[in-house]
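The values are calculated or read from the model by the stated rules, or taken from the named source; none is laboratory data. The structure displayed is predicted, hence computed values, not measured ones. Ideal geometry is used to build each Cβ from the backbone, glycine not excepted, and the neighbour counts take in all protein chains shown. In case anyone asks, the SASA skips ligands and DNA or RNA and just uses the protein heavy atoms, side chains included. Shrake-Rupley method; radii C 1.70, N 1.55, O 1.52, S 1.80 Å.
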Amino acid sequence: MAKKYIKIISLKITGMTCDGCAKSIEKKVSKLNGITQNNVNYKKGEGNFSFDKKVVSKENIIQEIEKTGLYKVENELNSNTNHFDLIIIGGGSAAFSAAIKAESIGLSTLMINGGLNFGGTCVNVGCIPSKNLIRVAETVYQASHSNFKGVQPKGVNIDFTQIIKDKKELTATLQQHKYIDVVSDFKNLTMLKGWAKFVDNKTIIVNDKDTYTAIKFIIATGATTNIPNIEGLNNIDYLTNISLFDLEEKPESLTIMGAGYIGLEIAMAYNRLGVKVRIIEFTDRPLRSQAKDISAILETQLKNEGIEIFPNYRAQKFENKGTKTIIHCKRSDGSITQLKESGRILIVTGIKPNTFRLGLKNTTLKLDKNGHIIVNGMMETNLSNIYAAGDVINTPSFVYTAATEGNTAVINAFTGENKIVDYASLPWVVFTDPQIAGAGLDEIMAEKQGIPFEVSKIKLKDVPRAIVANDTRGFIKLIRNIKTDKLIGARVIAPEGGELIQQLSMAIKYGITIKELAESFYPYLTLSEGIKLAAITFGKDISKLSCCAS
């Protein structure tokens with residue numbers, strides 16, 4: 001695809017007497033090669049035109065408008081310094097991806113970021129710091145646990161303060177190199193720190209001081225921890241992932257409220273670093289979003305490592321009593337019990353979109369019941385000049401989906417390509433040990449959608465790589481459409497299982513059949529061979545297969 005160099009102009013047009021005149025001009029201009037979007041407003045007497053400046057010029061557009069002699073272009077509008085082609089509100093993955101795409105097509109862009117540093121959740125308080133601490137914790141665990149009788153580990157000395165300092169240095173370095181430095185030479189990008197609020201559908205004010213306008217807006221303000229409304233919670237010094245990762249003094253103990261993927265990753269990491277951890281979960285099991293067979297293996301591992309889990313416990317009240325915090329919990333049978341915490345309490349009870357400070361009541365932008373901005377697959381909102389991307393919309397909350405959404409929003413806002421984001425084969429990973437990974441549908445989703453399906457599940461005890469490593473925790477599960485034989489979903493729980501999921505995601509995306517998976521070559525004694533074995537066992541008994549099964 002040839003690279004486009006998008007330019008946007010607003011022209012003052014006289015001679016129009018009705019909406020029909022505006023539509024007539026739009027029709028004439030749209031016939032010019034290189035026009036990506038055009039909108040003419042009779043009442044305002046102006047027209048907004050987006051075009052590829054390598055193909056068509058402003059002069060060509062003016063000539064086309066004036067050709068009939070009925071209309072006259074008086075001048076170009078919006079030459080003030082506070083007007084941009086694009087304003088991006090937010091400073092995370094979606095925002096930077098949008099800014100990079102905007103620069104590539106020549107758009108004047110303003111990025112306004114409040115709250116977290118530029119780079120957003122992932123690099124500052126999410127993916128990067130958490131995965132760094134998870135790897136540190138794995139090193140500690142491996143130094144004190146062995147899968148082989150002939151190896152007796154000696155353990156390690158943990159300098160917790162140094163670990164956190166190293167983490168801070170890493171996040172600062174990546175925030176600079178992967179975000180700030182990437183856009184440092186952009187000629188058309190202006191970056192502001194501050195809080196943006198909409199005055200109306202087409203105007204924002206920053207820090208209640210300066211106003212800015214743009215042809216298009218992208219809201220990419222992300223999300224933050226959803227703090228539940230529980231009596232006494234605001235009276236205790238609770239932690240979120242933001243404050244937890246900055247603690248240089250190791251907590252004696254940690255009660256984690258919530259057993260979703262964030263809570264479970266943190267629980268395992270901090271427990272391995274020497275913190276006594278327990279989890280309170282109001283549903284019946286950890287990682288309730290996944291099937292029970294996944295939760296069961298993970299729960300066994302957590303308990304084996306000494307992590308306490310309290311399922312079906314719903315916190316009713318928090319109370320400070322001396323040096324301890326009392327957590328009053330209601331159990332599934334209706335009884336009330338008290339749990340005492342002498343260390344810290346971490347809240348990881350989901351996230352909520354950052355829409356509450358945007359002044360959206362001054363606009364007609366539509367939100368869902370949870371405050372997410374409603375978009376379609378092209379990242380379009382109900383307002384033609386406003387797009388949204390990232391955790392502020394109700395799509396899968398990953399840094400890589402946010403980046404795709406930000407890029408897509410710019411493409412659709414300015415090029416007319418009508419690109420749609422497809423999440424059908426989206427791969428994801430939970431970085432516990434063993435790791436949990438998935439793509440496409442599981443059996444519960446397939447049943448709900450009425451798809452005729454069949455499941456093959458091979459336990460790692462039957463995968464040669466796991467056998468020789470003496471680590472057979474987990475399984476590989478494939479879901480196929482019976483009618484087409486195509487792979488429609490996969491779930492993996494295995495040590496480093498996340499490394500398998502991209503292949504399975506691609507197989508789903510491109511309609512690969514189970515027969516094709518089974519007949520492909522896989523290196524012997526790699527975990528990926530488990531995919532072949534799982535594919536074969538749709539039709540064969542795994543116990544009847546040799547090591548060189550085909």
Being open to solvent by 30 Å² or more (accessible area, probe 1.4 Å) and over 19 Å from the mean Cα position of the chain (by Cα) is the requirement here; does Asn235 meet it? yes
Mind counting the residues in segment 494-528 that are aromatic (Phe, Trp, Tyr) and under 19 Å from Ser425 (Cβ atoms)? 1
Select from segment 13-54 the residues that are outside any strand (DSSP E or B) and under 36 Å from the mean Cα position of the chain (by Cα) and write down the one among them that is farthest from Leu70 (Cα to Cα). Lys54
Selection from segment 294-312 of residues open to solvent by less than 50 Å² (accessible area, probe 1.4 Å), out of contact with any Pro (no Cβ under 7 Å at 6 or more places or on another chain) and among the small types (Gly, Ala, Ser) yields Gly306
Which condition breaks for Lys483 when tested against (1) more than 29 Å from the chain's Cα centre (by Cα); (2) farther than 17 Å from Ala446 by Cα; (3) surrounded by fewer than 22 Cβ atoms within 10 Å (Cβ to Cβ)? (2)
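Among the residues of segment 76-85, are any under 12 Å from Ile218 (Cβ atoms) and not polar (S, T, N, Q)? Working first, answer last.
Residues of segment 76-85 under 12 Å from Ile218 (Cβ atoms): 84-85.
Checking which are not polar (S, T, N, Q) leaves us with 84-85.
Taking every residue of segment 76-85 in turn, at least one turns out to be under 12 Å from Ile218 (Cβ atoms) and not polar (S, T, N, Q).
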Go through (1) surrounded by 17 or more Cβ atoms within 10 Å (Cβ to Cβ); (2) outside any helix (DSSP H, G or I) for Ile262 and report which single condition fails. (2)
For segment 387-474, which fully contained strands (runs of 3 or more DSSP E) count at least 3 residues that are open to solvent by 20 Å² or more (accessible area, probe 1.4 Å) and touching a residue at least 60 places away in the same chain (Cβ under 8 Å)? 427-430
Does segment 205-223 contain any residue that is at positive phi, open to solvent by less than 60 Å² (accessible area, probe 1.4 Å) and touching an Asp or Glu at 6+ places or on another chain (Cβ under 6 Å)? yes
Going through segment 341-386 in order, the residues found to be surrounded by fewer than 17 Cβ atoms within 10 Å (Cβ to Cβ), closer than 23 Å to Ile262 by Cα and among the acidic types (Asp, Glu) are none
Counting only residues that are open to solvent by 80 Å² or more (accessible area, probe 1.4 Å) and farther than 16 Å from Gln63 by Cα, which one in segment 7-41 is modelled with the lowest pLDDT? Lys7
Somewhere in segment 82-89, is a residue open to solvent by less than 70 Å² (accessible area, probe 1.4 Å), at pLDDT 90 or above and over 28 Å from Asp210 (Cβ atoms)? no
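Look through segment 318-331, keep the residues that are farther than 16 Å from Ile279 by Cα and not β-branched (Val, Ile, Thr), and return whichever of them is most open to solvent (accessible area, probe 1.4 Å).
In the first step, residues of segment 318-331 are kept if they are farther than 16 Å from Ile279 by Cα; the result is 319-324.
Then drop every residue that is not not β-branched (Val, Ile, Thr), which leaves 319-322, 324.
Working: Glu319: 53, Asn320: 91, Lys321: 119, Gly322: 81, Lys324: 84 Å².
Residue satisfying both the conditions and the ranking: Lys321.
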Could you check Glu249 against (1) touching a residue at least 60 places away in the same chain (Cβ under 8 Å); (2) among the charged types (D, E, K, R); (3) buried (at least 18 other Cβ atoms within 10 Å of the Cβ) and say which number it fails? (3)
Index of the failed condition, Ser243 passing every other in (1) at pLDDT 95 or above; (2) farther than 18 Å from Arg314 by Cα; (3) buried (at least 16 other Cβ atoms within 10 Å of the Cβ); (4) within 27 Å of the chain's Cα centre (by Cα): (3)
Quick one: which of Thr161, Thr173 is of a type outside the set (Phe, Trp, Tyr), surrounded by 12 or more Cβ atoms within 10 Å (Cβ to Cβ), in a helix (DSSP H, G or I) and within 22 Å of the chain's Cα centre (by Cα)? Thr173
In segment 101-123, anything assigned to a helix (DSSP H, G or I) and open to solvent by less than 30 Å² (accessible area, probe 1.4 Å) is listed as Ala102, Gly120, Cys122, Val123
Of the residues that make up segment 82-100, is at least one in contact with a Gly (Cβ under 6 Å, 6 or more places away or on another chain) and of a type in the set (Phe, Trp, Tyr)? no
How many residues does segment 512-528 hold that are crowded, with 18+ Cβ neighbours inside 10 Å, assigned to a helix (DSSP H, G or I) and not β-branched (Val, Ile, Thr)? 2
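Against the condition at pLDDT 90 or above and either closer than 13 Å to Val73 by Cα or open to solvent by 30 Å² or more (accessible area, probe 1.4 Å) (or both), how does Gly47 come out, does it pass?
Taking the combined requirement at face value, the residue satisfies it.
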So which of Thr221, Thr203, Thr211 is within 20 Å of Ile386 (Cβ to Cβ), modelled with pLDDT under 95 and polar (S, T, N, Q)? Thr211
